[in-house]
Structure formats: C-alpha cells, structure tokens
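J.: Please see the structure below; I have some questions.
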Amino acid sequence: MSQATNQSWGGRFSEPTDAFVARFTASVTFDQRLARQDIQGSIAHATMLARVGVLTDDERDTIINGLTEIQGEIERGEFNWSIPLEDVHMNIEARLTDKIGITGKKLHTGRSRNDQVATDIRLFMRDEIDVIEAELVRLREGMIELADREADTIMPGFTHLQTAQPVTFGHHLLAWQEMLTRDHERLLDCRKRVNVMPLGAAALAGTTYPIDRHVTAELLGFDRPAENSLDAVSDRDFAIEFTSFASILLMHLSRMSEELVLWTSAQFDFIDLPDRFCTGSSIMPQKKNPDVPELVRGKTGRVYGHLMALLTLMKSQPLAYNKDNQEDKEPLFDAVDTVRDCLKAFADMVPAIEPKKDSMYEAARRGFSTATDLADYLVRKGVAFRDAHEIVGQSVAYGLKTKKDLSEMTLEELQQFSATIGQDVFEVLTLEGSVAARNHIGGTAPDQVRAAASRASEALAALKGDA
Ligand code: ARG
C-alpha cells in the first residue's frame, strides 16, 4: 500500500483521492453482487497459477481457504464493504491479504481487474441466463398445456382489433408460444457468446507469466478462452445481446399483457384471472384490477431503456478497457431481475387463466365472423371471389339493419342476395364449421391445434438446456 493514498495502486500517487471522487468512481455499492463469481474466478486463477508453477501448492491452498472463508463472511452478511477500496475485486483481495498476509498479494499475479471484471460478469450472466431459461421453460410448458386443453374453445380472432374470423383459444395461445420459442432460441444463442473466457487477457495485452488459459477456462466451465486480449477486456456485446433478447421478450410479454387486460374487462369478458394476481381499488368497491399484466406491460419500458443505455455506453469506445464499462452493471442487473420476475409472474399466472367460454363464443357470433366462410362457400359453388365478396357484403349490410348474424338468417333471407345459396350453407356458417374447415398445418382447426401443441412440447423438450 502507498503511504500517501492507502490504495493498492497508490505507489505513484502523492496525495489521497478526493473524497467525492472516491465515491464517484467506486462501484462496490452495486458490483458486490458479483462477489460469488469473483471468488469463483480467483480460485480458478490460483489453481491455474499453481499448476504452471507461478504459485506453490501451499500458497494456492492458503489462498483458496482464505477465499472460501471470505465467501462465508459475505453470505452471512459479516463482510465489511469499503468504498475507499473501490470495487468488489479490491475489497475481496484486501480482505484476503488481511487474513492470510503476504500470500494474498500474490493472487493478482498475471491478471488485471480488466480481465477479472469481464470474467465475473460473464460468469454472473451465465448463472442468470440458466435461471431465466428455467422460468421461460416453465411458462412455455404451462402455455402449451393450456393451449391443448382449449383446442376446441372458440373465440373471435381480430385484425385491426375488429372481429375478423373465429379462431380457437388454443390457437391464440400457440401464437404466443411461437413468440416465446424465438425468445428461447435467442437466449440460448446469446449464452454461447457469454460463455467465452476473458481471463488471461490481463490489462489488455496478455501477461508475461506462463499461464495456461485452457486450464482456467475448463475449471470455470467456459467453452474456450477469448481469442484476442484487447477484445476480451473491452467486449460487452454479450450484455447488449442479452438486453436485446430481454427487450424482445418483454415486447412479447407486453402484447400478451395487453390482451389479458382487455380480456378481463367487462366489455370483452373473455377470461377471469384468479384474485391472487389482481388487486382492488381503494375507492371503487367493484374493481378487480389486472395488476400483474399491467405491471409487466409497464416494465417493458425500463428494459428497452437498458438496451439503449448499453448500446450508447459502447458507442465509439476506443480499445481496450475504459472506465465507462463500469456502467454496464446496473442496467444489466436490472434487466436480469426484471426479466426473471416478469417470467415468474407469467409462468405462475398463465396456467391459472380461466377462459369464459360462453362469453367468447357469443362474441365470435357477433361481428359476422363467418362472412369469409360464406364467400368461400359461394366460390366453391362457382361464383367468382369478387362477386362472392359483394354478395356477402350485401348480406352483412342486411344483417346490420335487421340485427341478425348470418347464421341467424333464414335460407330465404340469404337467397335474396344469391340464388346459389342452398340449405347446406348453414354448415359453413356455424363457428364450429368455420374453425374446423381451416384444417392444415398452422390453421386454427381444433385437431391442428392439438397436433401443434404436441409438436411444440417435443420441440421444447429438445431445446431446453441446450446451451
Ligand atoms: N470496477 C471496475 C469495473 O467495473 C473494474 C475494472 C477496473 N479497472 C480499472 N483499470 N480501473 O469495470
């Protein structure tokens, strides 16, 4: 330690750091969250140094025992985090030297905080990605199961949020499921680039010690050491990729949330959410508010914000490490927490959605949702599609005037618009007939939905944990 500054790097300094600057530049208030990964990385580093003869086996063991004790102190909340010691790395190293003396000072041989912090964040992200993946899998499993159960449940399908054609609720849920499949693939793809080891890059150029980076990589479960030392300490692409994944996922969850909010309203009345996912109003006794989906919808914004923060953080940064990069942690930590909590909320809530089948069915009957089926029927009888479109348009106008759905009109009423219409038209005008007729891969027919749900289950089983 320097006499003038009391800092581990203070040898060349002649006065202490300004007290405000010390606080301004310190990261320990938030990066202490990396303590477990910092110790994990240090144990692997010390093990490798002993393997190549830079440390003796005794020194290695002393260091590892000291670090293990420190881990215990941190877990028990007994560790005294110090702002003058700047960050998690120097706090732990200083404590190690307190405990084991001079040997503690040998741990930092052949590394720098630059490769150390990059390694810690990657270890942290890998752990968090695995937790997030588990929640995503749980959500997908619950959603597929619900889709299979609701394969026959009929609801209106919308375009422009206007009634378009009847679909099955299971089909709608499997549309959500497709969004989540892509998110799942993106997460696992991101994990591949997270799982590369910066350690050994040292400050920026590598180190003069005879380190073996393959040993450290293997000890830490990394796929490989990073190829280039300059890139290794400066690359934060993986953080941007994770927040991109997170932004797209939250965009999807916000769309689902919006639909859930609409569907619980008295005007739609398509579903009920169990009370445990809702709250009341302090003034309006009748209210039951869908807080969970509303909040997920709202949290989307902060995750987009973190993506923008990280992109902007990295913009124009010259090689290699810059102190700017200390700013990567808070957005990343918050993105991780937000994604994990939103997925947990959804994984708990989705299987508990209670569809109000009669109400969905009634809504599908209103709004002339089988008008396209009538046009297709006329085409099958030889009418040109454009003419069929016109005939059905006139029938709808009549229905609006008389307040009747197409299926509620008599054959005579329908024949006013085309003599081609026969008794068999009523088969296509029913909602059941309409959905069952869309019987091809990707279509809304109940049998197709059941087949799609079973394919989705198989694909999920094959994908999960596939990192
Ligand atoms: N606290 C720093 C960070 O989070 C650790 C690396 C600091 N390196 C340095 N040369 N100042 O990025």
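Just so you know, all these numbers are worked out from the coordinates, no wet-lab data involved. Just so you know, these numbers come straight off a predicted model, no measurement behind them. Ideal geometry is used to build each Cβ from the backbone, glycine not excepted, and the neighbour counts take in all protein chains shown.
J.: With a point put 7 Å past each Cα toward its Cβ, work out how far D57 is from N322 in nm, to one decimal.
T.: Distance between the two pseudo-spin positions: 4.7 nm.
J.: Based only on the alpha carbon positions, what is the Kirkwood hydrodynamic radius of segment 247-316, in angstrom?
T.: Here the Kirkwood hydrodynamic radius works out to 13.7 Å.
J.: With a ≥ b ≥ c the root eigenvalues of the C-alpha gyration tensor of segment 339-467, is it rounded (a/c under 1.5), prolate (a/b larger than b/c) or oblate?
T.: It is prolate, given that a/c is not under 1.5 and a/b is the larger ratio.
J.: How far is it, in nm, from the label point at K105 to the one at E354 when both lie 7 Å from their Cα along the line to the Cβ?
T.: 7.0 nm
J.: For segment 45-90 and segment 304-319, what is the centre-to-centre distance using only Cα atoms, to the nearest Å?
T.: 32 Å
J.: Right, another one. I want to make sure I understand the PRE zone here: with the label point 7 angstrom from the Cα of R276 toward its beta carbon, which residues in segment 335-349 have backbone N atoms less than 20 Å away?
T.: The answer is 340-349.
J.: Oh, and also: Rg over Rh of segment 44-100, using C-alpha atoms and the Kirkwood radius, what does it come to?
T.: Working: Rg = 12.3 Å, Rh = 12.0 Å.
On the Cα set of segment 44-100, Rg over Rh gives 1.02.
J.: Taking the Cα centre of the chain as origin, work out the dipole magnitude from +1 charges on Lys and Arg Cβ and -1 charges on Asp and Glu Cβ, in debye rounded to 20.
T.: Using Cβ point charges on Lys, Arg, Asp and Glu, the chain gives about 580 debye.
J.: While we're here: For H389 and S265, calculate 0.36 nm times their separation in residues minus their Cα-Cα distance, and state this gained length in nm to one decimal.
T.: Full extension of this stretch gives 41.3 nm more.
J.: Evaluate the relative contact order of the chain (contact order divided by residue number), counting alpha-carbon pairs under 8 angstrom at least 6 apart; express in whole percent. Working shown, then result.
T.: On the way: 655 pairs, mean separation 79.9, N = 467.
The value is 17 percent.
J.: Beyond a 26 Å Cα-Cα separation, which of these cross-linked pairs lie in this structure: K356/K381; K192/K315; K357/K404?
T.: In this structure, K356/K381 lie more than 26 Å apart at Cα.
J.: Let me ask something additional. Roughly how many whole Å is it from the C-alpha centroid of segment 181-258 to that of segment 328-375?
T.: Cα centroid of segment 181-258 versus Cα centroid of segment 328-375: 31 Å apart.
J.: Would you mind getting the Kirkwood hydrodynamic radius of the chain from its Cα pairs, rounded to one decimal in Å?
T.: 26.5 Å
J.: By how many nm would the segment from Y209 to F24 grow when fully extended, if each residue of separation counts as 0.36 nm and the alpha-carbon distance is taken off?
T.: Values: separation 185, 0.36 × 185 = 66.60 nm, distance 3.38 nm.
Separation in residues times 0.36 nm, less the Cα-Cα distance, equals 63.2 nm.
J.: While we're looking at this one, here's another question. Could I have the simple spin-label model distance between R149 and E227, label points 7 Å from Cα toward Cβ, reported in nm to one decimal?
T.: Inter-label distance under the simple model: 4.9 nm.
J.: Per DSSP helix of 4 or more residues, -39500 (n - 2.57); summed, then divided by the residues of the chain. What does that give at 222 nm, rounded to the nearest 500?
T.: The per-residue figure over the chain is -19500 deg cm²/dmol.
J.: Please return the longest range in the chain lying between exposed loop sites, taking GluC sites (Glu not before Pro), DSSP loop only, at most 10 other beta-carbon atoms within 10 Å, and leaving the sites out.
T.: Counting at most 10 other Cβ atoms within 10 Å as exposed, the longest clean stretch of the chain is 228-467.
J.: Stretched out fully, how many nm does the piece from K192 to D447 gain, at 0.36 nm a residue minus the Cα gap?
T.: My answer for the length gained is 88.1 nm.
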